[in-house]
Each structure stands twice: as C-alpha cells, then as structure tokens.
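Everything on this sheet refers to the single structure shown next.
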2 protein chains.
Amino acid sequence: MMAPEAPVKRRRDAAATRQAILEAAIAAFTAHGYAGVGVRDIAAKAGVTAMLINRYFGSKEQLFAEAVDAAFAPRTVISGTGAELAGETARTLVARTAPGADELGPFLLMLRSAADPRATEIMRAAIARHPGRHLTEELAGEGAAVRAELMLALQAGVWLMRSVIGTDALKDAGPDDLTRRIRDLLQVLA
Amino acid sequence: MMAPEAPVKRRRDAAATRQAILEAAIAAFTAHGYAGVGVRDIAAKAGVTAMLINRYFGSKEQLFAEAVDAAFAPRTVISGTGAELAGETARTLVARTAPGADELGPFLLMLRSAADPRATEIMRAAIARHPGRHLTEELAGEGAAVRAELMLALQAGVWLMRSVIGTDALKDAGPDDLTRRIRDLLQVLA
DNA sequence: ACACGATGTCTACAGTCGTATACTACGACC
DNA sequence: GGTCGTAGTATACGACTGTAGACATCGTGT
C-alpha cells in the first residue's frame, strides 16, 4: 500500500496543481470508475477544492478525457514479433493482475468506466489513438487491426475476471501455468 | 427495437408484479450498470412506484443480486466437445455482439456493473454458481476450471470491445472472418 | 355484504452530485 | 512598497439518490 497522500503544501503553481489533479483523477477513475468518484474526492486527493477542477479542466467529463488519454498512452511498449510479443505480453499481464498487486492501468480504467456512454465514447477514441494503433503497426500481415483488438480483448477479459471480479480459478491459478496458457492464446493472434 | 413498454394494467398480483420488477431490473442493469440506474427508473419501467422494490426485494442491492442470478442462469446451454463447442460459442458470440443487435446478456451486465465492489462480489458468486461451474464440467481434463474461465474472459473481452466500447476493427470486421478467428482461439482452450 | 389483510402510492428526508457565482489571498512586476 | 492579475476558497443551488413511514385502495374469505 502506498502512502495515503503526501499533503505537500504546494506553493502557488498552476501547472503543478493541474498535474496533481490529473494524477489524482487517473488513480481515482481507475479504482472506482467514472461514475464512482465525485469531483470532491479527486480534489481532496489532490489537496485542493472541487472548483479548481472546473477551472482547470472545464468539467468532470473533460477531466476524464484527459485522464484517459494519459492512462492509455503506452509507457512500456512491448515489441518483438510473434513468440516474443506473445510471451512478454502474457508475462506482464499475469504479473500485473496478480492478487496482491493493486496495479493501475488502462484496462482497469476501461472496465470500471464501461457503464457510462460518455465515458465509453472517450475511451473508444483513446484506444484508436494509442494502444490499438501501436499494436496494429506491430502486428503486420493481413487482418492486423482485428488481431490487435482481439489481443486487447483477451487482455481486458483476463483483467476483468482476475482483478475486477476475482473469479476463483483464475485468481488461484499458478502464475507459470496461467502465463503459458495465455501465451499460447496470444500466439494464435501474433 | 421492442415496444417501449406495455402499459398493461396489471390487476393486483404480487407474483406478477415482482416478476415485472425483476425483468425491468435485468434490462436496466444490463443497459446502464448497477450505479447507472435508479430504483425509480426500474419501478417506472415496471409500472409501479419505487417503494415496491423495497417491499419485494428489501433494497436495490438485493434486487441486483436476484437480477444477476437470473441473468447468469444459462438459458441455451452450448454443449459438445472440442471443435463443436468452440465453433458454436464463437458463432453465437459474434451474432450477439453484432452492431445492430442490442442484445442483453450476462456479459454486458457484468461489464457495465464492474465499477461497484458490492456488485462485483455479487457477480463473482453468480459466476461460480452458474456459467463457471457448467463450463468447467463440460471441459474435462486438467486445468478445466482455468480453461473455462479463460473462455469466459475471452468472451467478455470481445463483448467489451465490440458492444460496449465499439472499437473500430472489431465492429467493422466481417462476421465470418471474426468468427473463424475467435473459434481458433477457443479451440486452444476447449 | 362486510371487514380485514394484502397491495400499491404519496410525501418526505437526509445525503450527494456537478457546477455557477462571489469572494479572499498570494506573488510577481514596476 | 504598492498594485493588479491570478491561484485558490467558500457558499450555495437545483437536481437526483435510496429508503423510511404513513396513507389509500383493491380483492378475497366469510
């Protein structure tokens, strides 16, 4: 568990405050979904009042759009072709969805905000911009776009079952066995 | 599109009213998620007032639990072994997530209610009771439970990308091509 | 026919939501 | 050192939430 919140007394600094709000928003939206957090929660986590959100981002919805865009921008890009990409993707997927690791990430954000139509539209655009496009370029060959999105779908499904719902078999499965099975699936698409 | 609502003047009938509320709840929760619908919405759709929900189900949360249980009870069971099961599952999955068919179903319900922890706990129990158990029995052999839940994960992911988010490639993909690709994936698990 | 229990409704409450308006206080520049 | 723009706050509003309690009305058993 990370420290509850660093109550650093920020000196007056618009850019830093904006960034603090954005980071708090990413964490909160990922943890509880678009409808599950109020602007007051996010503001409190960032150490400001709720109205600053509207000053800097216009509305909760626009804040969500920026948060999604930041969360979906790939930080560690998995490259390589075929077996490499499948194996590495499976390994990090299993690691990041392990029972203990309450990891953040775009898949959680997507799953937890799937209820609101405004949120889904924002995420659809973000996927087309970031992971979908990147993965499609990585996977060459025919039907690359479909194969890329099927890989995303599989990963999202594992996140859902393992981290969000917490179904028994996937939660208790041995990491090595599970990694191998997922790798074999991804291999079909890679 | 089905008729907006049949404003049938139900004569006083506790069982029928209860059932009407339950069906309205399944439809509403599937469409907008646990947090996305209010008890007044459900009550209005069922042609009653909101308080009847508390009278018959105790609370919104208990109504959700019954709705989930009903939605997850498998209606059309897909059996057969290996290729049969994979092919038929892929076929119905693609058909039910087609752009036009605003179909209801447990996967949509699960995805759209994934934000609330109370809702996820209820759904976890329902999966262990209904589809997980059934599919695990259908898939014999070693690791049957893990393979069954990976099949569910893949299906949920396709629902997410295709029906909820509506990503471009999966939405526009040719049904036959997509069915074949998903069948090949399921085949690995079956 | 009458009464009583079951069925359904009305009103209200305490809380939370997003956000608009009005305000205060800090800090850099001349 | 004063001044002015900006960073940040305080208050409040209207809408909506789930649910509690009191009330009305239908239907059935006698």
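The values are calculated or read from the model by the stated rules, or taken from the named source; none is laboratory data. All values reported here derive from a predicted model rather than from experimental measurement. Quick reminder, even Gly has a Cβ in these numbers, built from the backbone with ideal geometry, and neighbours come from all protein chains shown.
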For this session: Confirm whether A:Ala31 is assigned to a helix (DSSP H, G or I) and either within 13 Å of DNA strand D (Cβ to nearest atom) or within 14 Å of another protein chain (Cβ to nearest Cβ) (or both).
Result: yes
Seminar exercise, completed: Cβ pairs under 7 Å, 6+ apart or interchain, first in segment B:48-75 and touching a residue at least 60 places away in the same chain (Cβ under 8 Å), second outside any helix (DSSP H, G or I), ordered by first then second residue, are B:Pro74/B:His130
For this session: Kindly indicate whether A:Asp69 is in contact with a helix residue (DSSP H, G or I) (Cβ under 9 Å, 6 or more places away or on another chain) and either exposed (fewer than 12 other Cβ atoms within 10 Å of the Cβ) or outside any helix (DSSP H, G or I) (or both).
Result: no
For this session: Of the numbered conditions (1) hydrophobic (A, V, I, L, M, F, W, C); (2) more than 11 Å from the chain's Cα centre (by Cα); (3) crowded, with 18+ Cβ neighbours inside 10 Å, A:Leu108 fails exactly one; give the number of that condition.
Result: (2)
For this session: Could you list, in sequence order, all residues of segment B:180-190 that are surrounded by fewer than 19 Cβ atoms within 10 Å (Cβ to Cβ) and more than 9 Å from every other protein chain (Cβ to nearest Cβ)?
Result: B:Arg180
For this session: Filter segment A:135-148 down to the residues that are facing another protein chain (nearest Cβ under 9 Å) and either within 16 Å of A:Ile78 (Cβ to Cβ) or touching a strand residue (DSSP E or B) at 6+ places or on another chain (Cβ under 7 Å) (or both), then identify the one that is modelled with the lowest pLDDT.
Result: A:Thr136
Seminar exercise, completed: Contact list, first residue from segment A:15-32 and without any contact (Cβ under 8 Å) to a residue 12 or more places away in the chain, second anywhere and of a type in the set (Lys, Arg) and within 13 Å of DNA strand D (Cβ to nearest atom), beta-carbon distance below 6 Å, six or more apart or interchain, is A:Ala16/A:Arg10
For this session: Select from segment B:79-95 the residues that are surrounded by 15 or more Cβ atoms within 10 Å (Cβ to Cβ) and touching a residue at least 60 places away in the same chain (Cβ under 8 Å) and list them in ascending order.
Result: B:Leu85, B:Ala86, B:Gly87, B:Thr89, B:Ala90, B:Arg91, B:Leu93, B:Val94
Seminar exercise, completed: Those residues of segment A:164-183 which are touching a Ser or Thr at 6+ places or on another chain (Cβ under 9 Å) and more than 20 Å from A:Ala153 (Cα to Cα) amount to none
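Matching residues to (1) out of contact with any helix residue (DSSP H, G or I) (no Cβ under 8 Å at 6 or more places or on another chain); (2) outside any helix (DSSP H, G or I); (3) within 12 Å of chain B (Cβ to nearest Cβ); (4) of a type outside the set (Ser, Thr, Tyr):
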residue: A:Gly80; (1), (2), (3), (4): no, yes, no, yes
residue: A:Leu93; (1), (2), (3), (4): no, no, yes, yes
residue: A:Gly100; (1), (2), (3), (4): yes, yes, no, yes
residue: A:Ala115; (1), (2), (3), (4): no, yes, yes, yes
residue: A:Ala126; (1), (2), (3), (4): no, no, yes, yes
residue: A:Arg133; (1), (2), (3), (4): yes, no, yes, yes
residue: A:Met151; (1), (2), (3), (4): no, no, yes, yes
Exercise. Checking B:Pro99 against (1) more than 16 Å from DNA strand C (Cβ to nearest atom); (2) over 30 Å from B:Ala169 (Cβ atoms); (3) not aliphatic (A, V, I, L, M), which single condition isn't satisfied?
Worked result: (2)
Exercise. So which residues in segment B:34-52 are in a helix (DSSP H, G or I) and within 22 Å of B:Gly105 (Cα to Cα), if there are any at all?
Worked result: B:Val39, B:Asp41, B:Ile42, B:Ala43, B:Ala44, B:Lys45, B:Ala46
Exercise. Of the residues in segment B:28-64, how many are surrounded by fewer than 19 Cβ atoms within 10 Å (Cβ to Cβ), away from DNA strand C (no atom under 16 Å from the Cβ) and among the small types (Gly, Ala, Ser)?
Worked result: 1
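Okay, residues lined up against (1) under 27 Å from B:Lys171 (Cα atoms); (2) among the aromatic types (Phe, Trp, Tyr); (3) within 15 Å of the chain's Cα centre (by Cα):
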position: B:Val94; (1), (2), (3): yes, no, yes
position: B:Glu103; (1), (2), (3): yes, no, yes
position: B:Ser113; (1), (2), (3): yes, no, yes
position: B:Ala119; (1), (2), (3): no, no, yes
position: B:Ile122; (1), (2), (3): no, no, yes
position: B:Ala125; (1), (2), (3): no, no, yes
position: B:Arg133; (1), (2), (3): no, no, no
position: B:Ala145; (1), (2), (3): no, no, no
Seminar exercise, completed: Being at pLDDT 95 or above and within 16 Å of DNA strand D (Cβ to nearest atom) narrows B:Ala70, B:Ala119 down to just B:Ala119
Seminar exercise, completed: Within segment A:156-169, of all residues that are of a type outside the set (A, V, I, L, M) and within 7 Å of chain B (Cβ to nearest Cβ), the one surrounded by the most Cβ atoms within 10 Å (Cβ to Cβ) is A:Gly157
